[in-house]
1. For ALA197, indicate whether it is under 23 Å from THR298 (Cβ atoms), out of contact with any His (no Cβ under 9 Å at 6 or more places or on another chain) and surrounded by fewer than 22 Cβ atoms within 10 Å (Cβ to Cβ).
2. Given the residues SER253, SER257, SER206, which is the only one that is of a type in the set (S, T, N, Q), under 28 Å from LEU7 (Cβ atoms) and surrounded by fewer than 20 Cβ atoms within 10 Å (Cβ to Cβ)?
3. So, in the range 213-263, exactly how many residues are closer than 22 Å to GLN310 by Cα, in contact with a strand residue (DSSP E or B) (Cβ under 7 Å, 6 or more places away or on another chain) and without any contact (Cβ under 8 Å) to a residue 60 or more places away in the chain?
4. Conditions: (1) within 30 Å of ASP144 (Cβ to Cβ); (2) in contact with a Phe, Trp or Tyr (Cβ under 9 Å, 6 or more places away or on another chain). SER107 meets all but one. Number of the miss?
5. Looking only at the range 7-24, filter to residues that are modelled with pLDDT under 95 and hydrophobic (A, V, I, L, M, F, W, C); which one of those is surrounded by the fewest Cβ atoms within 10 Å (Cβ to Cβ)?
6. Of (1) under 26 Å from GLU212 (Cα atoms); (2) of a type outside the set (S, T, N, Q); (3) crowded, with 19+ Cβ neighbours inside 10 Å; (4) free of Cβ contacts under 8 Å to residues at least 60 places away in the same chain, GLY4 satisfies all except one. Which?
7. Just for helices (runs of 4 or more DSSP H) wholly inside the range 44-133: which have at least 1 residues that are of a type in the set (D, E, K, R) and surrounded by fewer than 20 Cβ atoms within 10 Å (Cβ to Cβ)?
8. Can you go through LEU293, LEU307 and tell me which one is closer than 23 Å to GLY72 by Cα, touching a helix residue (DSSP H, G or I) at 6+ places or on another chain (Cβ under 9 Å), assigned to a helix (DSSP H, G or I) and not small (Gly, Ala, Ser)?
Amino acid sequence: MRFGMQLGLGSNDVTQIHDTAQMVEDLGYDTIYFPDHLVLEGPERQRMDGPAYDSMAMATLAAHATRRVRIGHLVLCNLFRHPAVTAQSLATLDRLSGGRALTGIGSGWTETEFRMTGIPFPPIAERLRMLDESLTCIRGVWDDVPFTHHGEFFDFEEADLLPKPVQKPHPPIVLGGGGKGLLRIAARHADVVNIIAPVGQQGYISMQGAAELDSDAFRSKIDFLRSEAARVGRDPQAIEIANFVFMMMLADSPDASRRMREEMAAVTNATPEDVGRAPMALIGTTEEMVTELRRRATEWDVREVALQWQDEKAAETFAREVLPALR
């Protein structure tokens, strides 16, 4: 199992990204991810503290600071950039990092940032068609022959753009989302799918939606993704499943772990047992986390777990006591 860490939200000072990325690599994590937002927003449209830094600038800093870890995004917002610009930026990142870039991209979901800035925010069905076409164009531009495409949203005519990525045929494509429309696109394009609760249609994270993504729902989404991959002629097992843990809560004893789960259950109207198995959370002692992550690897075929950065102590404790048991 691989492990990633997402940096760059709120409390992460952009001037510390270089040093934090080095530390994350030294601790043994495999991937560093960054968000891509103009406004940082938590559940129920709650505004998060701190600025939203430019995602490509942060990724470039991390690439410069490290030598081994992969660098990517969870995920780039497709609506912010023309696919030619996305292709250029990621190919440049791949060159700068010596072939360590990931193509993390999604349809866009935080309605607030579009309302504030006036950037068009089409209905989810149109956003998904745009994402599908963008991925076709990005992959086409990265090919070794001039790319021509006349689609619903984008037009390319004998486009012979440089640089090309180091990785062939392209940096691995990581898609993030949870609705059936996104999973159908992932079945055609993705190398890795980071499954989360559906947010695209409503335009924000709802506590109810997060609670509904329980263990059974997560498994159902995997089954749907892989059946779609088989339907379009891809090997379903070639698509890796990733799990982004939005909330990691380390406990120093089983009793403390139980109390944490009970408190979370009271908020989400779930049982403590369901909270302990919820895909978007990881709560417990390090021993309990190892057991739960082994279950996710077995039952969900999760091959990468990405954590949201909290602080240096949590990152060190998890790296010291959890990572070695799952490698």
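The values are calculated or read from the model by the stated rules, or taken from the named source; none is laboratory data. In this text the structure is predicted, and so the values were computed from the model without any measurement. Every residue, glycine among them, receives a Cβ derived from its backbone with ideal geometry; neighbour counts consider all protein chains shown.
1. No: the conditions fail for ALA197.
2. Being of a type in the set (S, T, N, Q), under 28 Å from LEU7 (Cβ atoms) and surrounded by fewer than 20 Cβ atoms within 10 Å (Cβ to Cβ) holds for just one of SER253, SER257, SER206, which is SER206.
3. 5
4. (2)
5. VAL14
6. Looking at each condition in turn, GLY4 falls short on (4).
7. Once the helices (runs of 4 or more DSSP H) in the range 44-133 are filtered for at least 1 residues that are of a type in the set (D, E, K, R) and surrounded by fewer than 20 Cβ atoms within 10 Å (Cβ to Cβ), what remains is 83-96, 111-117.
8. Criteria check complete, one pass: LEU293.
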